[in-house]
Amino acid sequence: MSGCGAEIRSPEKIKELIQSIKDCIANCEKCSPDSFGAFKEYLKMRDILITQYAFLSAYTDYFEDGGNSRGAYVISDMTPSEILRNTTSVEIDKDHKSFVHEIEYDNGDFVSSFVPVKAVPESEQWFEKVYNRT
């Protein structure tokens, strides 16, 4: 997961890892823990796998929607040393800035959507009035 979800994210490597994680989840479903301790570990491992699957699926949907590097990470199939030697600038994504990426678990797969950001509502509460006076 560190190799795909850290500062450098490779769309191809992420797709490969998603398939590996899906296989692990399928294998987990075949397990039958024989003690309470084993059951706790089983649930923990299953949650970790589903969480990894969620993040990597979201990354993939973002890439496929035209998403690009955002400053905290670089989307590239290059190695770190190749990126450092690269003389061209990294293209930063501005198209997704006004959207929230929502993801939902549905029958073993993730479905995502990009929803416009909602404006912060104007409020006439006493706290805002007092706070804004200072």
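The values are calculated or read from the model by the stated rules, or taken from the named source; none is laboratory data. In this text, all values refer to a predicted model and were calculated from it rather than measured experimentally. Here Cβ is always computed from backbone atoms with ideal geometry, including for glycine, and neighbour counts include all displayed protein chains.
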(Q) Among the residues of region 66-97, what is the count of those that are hydroxyl-bearing (Ser, Thr, Tyr) and surrounded by 10 or more Cβ atoms within 10 Å (Cβ to Cβ)? (A) 4
Q: Would you be able to say whether some residue in region 9-30 is within 22 Å of Val115 (Cβ to Cβ), assigned to a helix (DSSP H, G or I) and without any contact (Cβ under 8 Å) to a residue 40 or more places away in the chain?
A: no
Q) What's the number of the condition Ala72 fails, among (1) touching a residue at least 60 places away in the same chain (Cβ under 8 Å); (2) touching a Ser or Thr at 6+ places or on another chain (Cβ under 6 Å)? A) (2)
(Q) Checking the structure you have, find out if any residue of region 64-78 is hydroxyl-bearing (Ser, Thr, Tyr), in a loop (DSSP other than H, G, I, E, B) and under 13 Å from Ile8 (Cβ atoms). (A) yes
Q. Of everything in region 29-60 that's within 25 Å of Val111 (Cβ to Cβ) and among the acidic types (Asp, Glu), which residue is modelled with the lowest pLDDT?
A. Glu29
Q: Could you list, in sequence order, all residues of region 79-107 that are touching a Phe, Trp or Tyr at 6+ places or on another chain (Cβ under 8 Å) and part of a helix (DSSP H, G or I)?
A: none
Q) What residue, of Asp34, Asp65, Asp47, is touching a residue at least 24 places away in the same chain (Cβ under 8 Å) and not hydrophobic (A, V, I, L, M, F, W, C)? A) Asp65
